[in-house]
1. Regarding the range 89-112, can at least one residue be identified that is open to solvent by less than 60 Å² (accessible area, probe 1.4 Å), outside any helix (DSSP H, G or I) and at negative phi?
2. Being part of a helix (DSSP H, G or I) and more than 21 Å from Met222 (Cα to Cα) is the filter; apply it to the range 113-134 and report the residue that is modelled with the lowest pLDDT.
3. Run down Ala60, Ala67 and say which single residue is free of Cβ contacts under 8 Å to residues at least 40 places away in the same chain, among the hydrophobic types (A, V, I, L, M, F, W, C) and out of contact with any strand residue (DSSP E or B) (no Cβ under 6 Å at 6 or more places or on another chain).
4. Tell me, please, whether a residue that is of a type in the set (Phe, Trp, Tyr) and either on the phi > 0 side of the Ramachandran plot or in a helix (DSSP H, G or I) (or both) can be found in the range 28-44.
5. On the basis of being closer than 22 Å to Tyr281 by Cα and in contact (Cβ under 8 Å) with a residue 40 or more places away in the chain, does Ser224 make the cut?
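The values are calculated or read from the model by the stated rules, or taken from the named source; none is laboratory data. Predicted model, so just to flag it, every value in this text is computed and none were measured. Positions of Cβ are backbone-derived with ideal geometry, glycine not excepted, and every protein chain shown enters the neighbour counts. To get the accessible areas, we keep the full protein, side chains included, count just its heavy atoms, and leave off ligands, DNA and RNA. Shrake-Rupley method; radii C 1.70, N 1.55, O 1.52, S 1.80 Å.
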Amino acid sequence: SSFLGSVVSPLFTSTPELAVLLISVLLYGREGGEVGAGTVLGEPFMIKTMAIVLVLLAAAAGSALGARGRGVSVDRELWVPYAFFTILYPLVVLPAALPASRIPVAATLAASYIAYAYAMSRRRGSPLEAEGPAILERALGGSRAAIALQLAASVPLLLVGSRALVGSTVDLSRALGIPTISLSIILVPLATALPETLSSMIWAFRGRDTLAVGALVGEAVMFSTVYPALGILLTDWALNAAAMFSVAATELASTVILWQVRSGRLGPISAAVGLALYAAYALVVGIAA
């Protein structure tokens, strides 16, 4: 389940963020680049703060309704990708302070994800791992014809929706007088992080805690390696104080979650820290505006 949730699932659920990043860079110039950078930084920030809160709430609801047991217990092996993220993520600030490091840092991040995916593919043996093909088949909707039809319909809608989201974010930042990157970090993930967050909430409600948490950490690892590499190469990657604060907040939240995952249980401490950091970022952005 570690490989399914941490590597396979994020390849599908991160497509909205990829569409936003590419459209922002290709169609909206400098301000669009700020939306792209904000998307890259905002996704792990949202996952490590509010998404964890929502997953724990879904687990509590499932327990109250008798759909699962009490407490959120996860495979301790998930500490590996959490540690991977926690160690690598601070590298995203280096190219903003030292532009000469852009290519080396981007190459290092991309290579690190390849190494991570290979390492996770070797960590087999969980009882839930055997359920992976069946879970993917249900998620994809059954027959190949149905899958092809869904894909044909979803791609144009994804592109149109991404363009509308980027344009609206740029317009709103101008209207509110908030730097585009600062607003993007908190606004864009509210839409783009929905697929993985909802999937994780459903799994948590049903008691599939390792799948629920694994899907979120897999997404976060992609956004500490592959997507920052793209953002660093495709945008100006000029990070303001709010963006730097989001990186620090994400790192703090990740450290707390890593500690809890290492113990095999995820609890209220992660939710409290996540809520506090999310509120603190919103306050920082509001004061700066």
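1. Among the residues of the range 89-112, not one is open to solvent by less than 60 Å² (accessible area, probe 1.4 Å), outside any helix (DSSP H, G or I) and at negative phi, which makes the answer no.
2. Pro127
3. On the way: Ala67 fails: free of Cβ contacts under 8 Å to residues at least 40 places away in the same chain.
Step by step, each of Ala60, Ala67 is checked, and only Ala60 is free of Cβ contacts under 8 Å to residues at least 40 places away in the same chain, among the hydrophobic types (A, V, I, L, M, F, W, C) and out of contact with any strand residue (DSSP E or B) (no Cβ under 6 Å at 6 or more places or on another chain).
4. No, because not a single residue in the range 28-44 is of a type in the set (Phe, Trp, Tyr) and either on the phi > 0 side of the Ramachandran plot or in a helix (DSSP H, G or I) (or both).
5. Values: closer than 22 Å to Tyr281 by Cα: yes; in contact (Cβ under 8 Å) with a residue 40 or more places away in the chain: yes.
Taking the combined requirement at face value, the residue satisfies it.
To keep it simple, each residue is scored yes or no on (1) aromatic (Phe, Trp, Tyr); (2) more than 26 Å from Tyr281 (Cα to Cα); (3) open to solvent by less than 40 Å² (accessible area, probe 1.4 Å).
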site: Val20; (1), (2), (3): no, no, yes
site: Gly42; (1), (2), (3): no, no, yes
site: Arg68; (1), (2), (3): no, yes, yes
site: Leu78; (1), (2), (3): no, yes, yes
site: Phe84; (1), (2), (3): yes, no, no
